[in-house]
Structure formats: C-alpha cells, structure tokens
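> My questions all concern the structure below.
Just so you know, all these numbers are worked out from the coordinates, no wet-lab data involved. Since the structure is predicted, the reported quantities are computational estimates derived from the model, not experimental observations. Here Cβ is always computed from backbone atoms with ideal geometry, including for glycine, and neighbour counts include all displayed protein chains.
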C-alpha cells in the first residue's frame, strides 16, 4: 500500500468517525428533548434511547480524532425530572 493510499484511508476513517459522532449527537439531543417534553406532560418516559446513543458516542470517542470532545454522561430519569423542574420555575 502506498503512503498516499494509507493517508487517504486514515483520513476517510477519521471523517466517518466525526460525521457519525455528529449524527449521534443530534440524535441524542432529539431523544433528550423527547424525554423532556414527555416529562413536562407528566407522561412516562425512559432514558434508554438516550443512553444507547451516549454509549455509542463514547465508544467512537475512543477511536481517534474525537477524543478531544467531552465524554457524554449517561442520563437518568431523575436528571430529566430535575431539569424540567428547574426550567418550569
């Protein structure tokens, strides 16, 4: 494999990781907003989807270029309730 080809492959892999991380970050925010809206309405909600995406983001963060980004925290039902209470006051 030529040096140029190796550099190109590495660059493509890094680009994929950054792109996927960004997509997951947007998805995570949408899931958080969904949980917040359900909580505001007093309806049942879960943080399972949020935390599945969070786990995938943190795994990607171990693979290179996105390591400089902060690790995302797992979200609990209590955290969502506290946030809703805070913004409702």
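> Taking R0 as 30 Å, what FRET efficiency do you get between residue 59 and residue 89 from their Cβ-Cβ distance, rounded to the nearest 0.05?
Numbers: r = 36 Å, r/R0 = 1.21.
About 0.25, to the nearest 0.05.
> Grab every C-alpha pair in region 3-88, bin the distances at 5 angstrom width from 0 up to the longest one, and report whole percents.
Here the calculated profile for region 3-88 is 3, 14, 22, 18, 13, 11, 8, 5, 3, 2, 1, 0.
> Separate question: Taking 7 Å along the Cα-to-C-beta vector as the label spot, tell me the residue 30-residue 79 distance in nanometres, rounded to one decimal.
Once both label points are built, they end up 2.0 nm from each other.
> Can you compute the FRET efficiency between residue 22 and residue 2 using 1/(1 + (r/R0)^6), with r the Cβ-Cβ distance and R0 = 41 Å? Round to the nearest 0.05.
After rounding, the FRET efficiency stands at 0.85.
> Still on this structure: Would you mind calculating the gained length between residue 12 and residue 71 on full extension (0.36 nm times residue separation, minus the Cα-Cα distance), in nm to one decimal? Mind showing how you got there, number by number?
Numbers: separation 59, 0.36 × 59 = 21.24 nm, distance 2.28 nm.
This chain segment gains 19.0 nm when fully extended.
> Over the chain, what relative contact order in percent results from Cα pairs under 8 Å that are six or more residues apart?
Details: 62 pairs, mean separation 27.8, N = 89.
Relative contact order for the chain comes out at 31 percent.
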